[in-house]
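Accompanying notes for the structure given below.
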Amino acid sequence: MTTVTAFRGLGYLEEVEAVPAIFGAAAGLAGLLLVFLGVSISAFQSCAGDTPAAATAGFRRAGAWILGAFLLGLVTVAVSFAWLLSPHRALRDLAAVLFAVELAATASAAVTTARAVLWR
């Protein structure tokens, strides 16, 4: 007998599979965000000391987005780690939602950094 798995409802992943994957992926994205932060900081520091604040505002804005996304990634890692210590459905669901938001924040930070560094 064949089991049809193509039309599963939401929440079909086993907790044992999803949360460790979220843990590793969130930590990886946080590391990527540190690279974005390094690029933004080095571009900011390449400006002369008497550069007007309006000219460096894009770097500061990019840095704020990147730092916020990085901290969100750390929260996602912490929630996933808490689930590893004490598995609960609420922690699994929270980790999944936080990871989805972290993906969006990482994309936004990448766009903001590219705009500040490449199109200044």
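Remarks
- Yes/no for L98 being over 13 Å from A25 (Cα atoms) and among the aliphatic types (A, V, I, L, M): no
- Selection within segment 94-111: residues that are farther than 14 Å from L32 by Cα and touching a residue at least 12 places away in the same chain (Cβ under 8 Å). The member of this set that is farthest from the chain's Cα centre (by Cα) is L94.
- Residue in segment 32-88 that is surrounded by the fewest Cβ atoms within 10 Å (Cβ to Cβ), counting only those that are of a type in the set (V, I, T) and over 30 Å from A18 (Cβ atoms): T51
- Subset of segment 92-109 [closer than 14 Å to E17 by Cα, open to solvent by 40 Å² or more (accessible area, probe 1.4 Å) and of a type outside the set (D, E)]: A96
The values are calculated or read from the model by the stated rules, or taken from the named source; none is laboratory data. All values derive from a computational prediction rather than experimental measurement. Counting neighbours? That spans all protein chains shown, and the Cβs are built from the backbone with ideal geometry, glycine included. Heavy atoms of the whole protein, side chains included, go into the accessibility calculation; ligands, DNA and RNA do not. Shrake-Rupley method; radii C 1.70, N 1.55, O 1.52, S 1.80 Å.
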